[in-house]
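The values are calculated or read from the model by the stated rules, or taken from the named source; none is laboratory data. Everything numeric in this text was worked out from a predicted model, so none of it was measured. Quick reminder, even Gly has a Cβ in these numbers, built from the backbone with ideal geometry, and neighbours come from all protein chains shown. What goes into the accessible areas is simple: the full protein's heavy atoms, side chains included, and nothing from ligands, DNA or RNA. Shrake-Rupley method; radii C 1.70, N 1.55, O 1.52, S 1.80 Å.
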Amino acid sequence: MAKTRALRRRIRSVESISQVTRTMEMVSTSKLKRAQDRVVGARPYARALAETIGDLLSPELAERFPLLRQPAPPERGGPRRAAILLVTSNRGLAGAFNANLIRAAVHRERELAAQGLEVDLLAVGKKGINYFKFVRRPVALARLDIGDRPQAHHAAELAQPLIDRFAAGELASFDVVYAHFKSALSTPPVVERVLPIQAAGTEARGHGGAEAGGHGGTAGTANFIVKPGADELVGALLPLYVRNMVFRALVETAASEHGARRTAMKNATDNAGEMLDLLRRTYNRARQGQITQELAEIVGGAEALNG
């Protein structure tokens, strides 16, 4: 009797958990569509921005902008500090999503430390902040207010101090660790170099790059005229490019979080269903055995009375 009561309590408990996981799966599915639309909308702009900068730049022009310069190694008098921005979620129940991001950030920090650099860690999201608090690793910046709907001003607030420090020669590099949204089932962690900016095509452009000047110039191999000048445009686009990379990391991580949580909650719901099937079979066998035992006792008692 005690066994069947325990099984009934267990079945009710698993059914309650299954309802919660199914509801969370539905909520994540509805949020995923909106987050995915933000990712799809951000990627073409980032690609066009990178292509425009690549078309405008020449090796001579690149030397004028601090955000494009490669700092000297620390042993040659270069800056001894680097920055890592880690983007995680504020909530759990997303499988190994946050753990993979934290592991990637820790691995990157060790690589930079091996190069003789001291790392300033910036953390966005409660899960990453709580981890480094647990291991007693201080962070230079902790942001809990961004959530799963990041805005452009959030990216600017994160990127601008790092842009200023890099331009002043205080930072050797700036990396961002985020989840790349490939699909709801694939959200691998990515470590991406933000500063110094690696402009595609500048090395191959040679002396045929964009010309600066108040009257405009032809930019590289692209067939357009630049006014007021390539140098002025590049000076305005480079900080925008950095802010956009940070913004894209925020929106991709937000979409990846919903995808990872939907997958985790679907797996939990499926596992709860399998567990319920097993518990119900076990309960039915236990109940059947109990009924058989009660019948045997009744028959035995009747035989004893007749005897």
* Asked: Can you tell me how many residues in segment 145-193 are assigned to a helix (DSSP H, G or I) and over 22 Å from residue 128 (Cα atoms)?
  -> 5
* Could you run through segment 112-123 and say how many residues are within 21 Å of the chain's Cα centre (by Cα) and over 25 Å from residue 260 (Cβ atoms)? => 3
* Just wondering, is there one or more residues in segment 78-94 that are polar (S, T, N, Q), assigned to a helix (DSSP H, G or I), at pLDDT 85 or above and over 29 Å from residue 232 (Cα atoms)? -> no
* **Residues that are within 19 Å of residue 163 (Cα to Cα) and open to solvent by less than 20 Å² (accessible area, probe 1.4 Å), drawn from segment 124-148** => 124
* Examine segment 116-123 for a residue that is at pLDDT 90 or above, surrounded by 18 or more Cβ atoms within 10 Å (Cβ to Cβ), more than 19 Å from residue 31 (Cα to Cα) and among the small types (Gly, Ala, Ser), and state whether such a residue exists. => yes
* **Residue check, residue 58 under 33 Å from the mean Cα position of the chain (by Cα) and not charged (D, E, K, R)** => no
